[in-house]
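Read through the structure below, which is laid out as structure tokens, and then see the notes.
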Amino acid sequence: MPGRKTQEASSDQEPMSLGALTAKHDPISRRAFLAALAATPLASPRSLVVDTHMHVWANDVERFPFAHPYDPNFKPPPVAGSVEMLLEEMDRYAINYAVLVQVIYYGWDNRYVAYCVKRHPQRFRAQGLIDPTDPQVASKLEYWMREHGLTGMRFSPIYYQGRDEWLTSDAHRRLWKKAEALKAIFNFFIAANQLAKLERMLAVYPEVKVVIDHLARVDLTGSDPAREVAQLTRLARYRNVSVKVSELSLLSPSKKYPYADTYSSVKRVYDAFGPDRLLWGTGFPGATRAQAGRPSLEEELALVRQEIPSFSASDREKILGRNAARLWRFASE
């Protein structure tokens, strides 16, 4: 990876970037450095790391059958992203906790993530999926939270471009009201051009905690990326909204680690939301990262710990774990 000049050190005395440190080294040395960096916390011994976006699935199709709602010909990946694989990786890289986000492979059947939380209640929280077009969506939220211990739900308007009227429907108004009572957390996998509809609900239900996944998948390759980012930063006025700084590998026009061509957009989001409402997440456990074409965990950790220049040392602690621990009520000591 070519070296790049770092910005001037902040008052937190930022370390030299990983790119600069490894510019003159061969790829093997760089990989070794990444592994050491990821496995060794750069902050205090009490720092927390929470992966807020983790998909898991089992290879037990009898107990947990796949039911992809959008692909009738779905075939599961060759390697299962099991909770056992996830725990092994978390322990190896000192990841304290994870938020399990129901994988689309299971559709609206959240039993596997519920099973994982029941087995490991201290280490996991879970966000399920409900069919957003179901008129009983509010009662489904209550069922999965009260009966199975889920912390909330993920909704994916991005799959419903041009037919996302359910976002502001009467059924979803009942859903948001129920979420207030249950203290549910909502994830939204949503495109930037759909955020205006979401804002209508945010204005009416300010007590519902909302997390925007993957920087709202802002299009940095289009004719007006600044407008896309502005649609996201507009939501910073709502104090109940947080944003995941995640999937930079997909947002990056170059697709080249460490995705420096996304940093100016990340900085705009950082300036709007501040460090207390940004979260970190990766997506897939263990060997399934490469299977999904994603960066390694070493690289994902190094992005926040070392690469993104707008984050101070204290920001990194918040983004990598403390913000998530507060939101999902993980133990922070």
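The values are calculated or read from the model by the stated rules, or taken from the named source; none is laboratory data. Computed from a predicted structure; not experimentally measured. All Cβ positions, even for glycine, are placed from backbone atoms using ideal geometry, and neighbour counts span all protein chains on display. Note: areas computed on protein heavy atoms with side chains; ligands, DNA, RNA excluded. Shrake-Rupley method; radii C 1.70, N 1.55, O 1.52, S 1.80 Å.
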Å² of accessible area per residue within the stretch 156-231, as computed with a 1.4 Å probe and no ligands counted: 44
Would you please report the Å³ per residue occupied by the convex hull of the alpha carbon atoms in the stretch 161-209? 70
On each of the three principal axes of the Cα atoms of the stretch 40-157, give max minus min coordinate, whole Å, ordered largest first. 48, 33, 27
Measuring from its Cα centre, the stretch 185-313 shows a charge dipole (+1 at each Lys and Arg Cβ, -1 at each Asp and Glu Cβ) which, in debye to the nearest 20, is 260
Suppose R0 equals 35 Å; then what is the FRET efficiency for His148 and Asp261 from their Cβ-Cβ distance, rounded to the nearest 0.05? 0.30
Relative contact order (%) - criterion: Cα under 8 Å, at least six apart; region: the chain: 20
Pulled fully out, how much extra length does the chain show between Ala292 and Gln136, if you take 0.36 nm times their separation in residues and subtract their Cα-Cα distance? 52.8 nm
Hey, what number do you get for the chain at 222 nm if only DSSP H runs of n ≥ 4 count, each worth -39500 (n - 2.57), divided across all residues, to the nearest 500? -9500 deg cm²/dmol
From the backbone phi of the stretch 319-327, what are the Karplus-calculated ³J(HN,Hα) couplings (6.51 cos²θ - 1.76 cosθ + 1.60, θ = phi - 60°) in whole Hz, Gly and Pro given as x? 5, 6, x, 5, 4, 5, 4, 5, 5
Between Leu198, Leu141, Leu301, find the one with the highest GNM mean-square fluctuation for the chain; connect C-alpha pairs within less than 10 Å. Leu198
With just the Cα atoms defining each centre, how far is the stretch 255-299 from the stretch 78-94? Give it in Å. 19
What fraction of the Cα pairs in the stretch 188-271, stated in percent, has a spacing above 18 angstrom? 38
Please give the direction-averaged projected area of the C-alpha convex hull for the stretch 208-329, in square nanometres with one decimal. 7.4
Scaled by the rule-of-thumb 2.2 N^0.38 Å, the alpha carbon Rg for the chain gives a ratio of 0.97
Is there a quick way to get the dipole size of the stretch 232-294? I mean about its Cα centre, with the Cβ of Lys and Arg at +1 and of Asp and Glu at -1; what is the value in debye to the nearest 20? 100
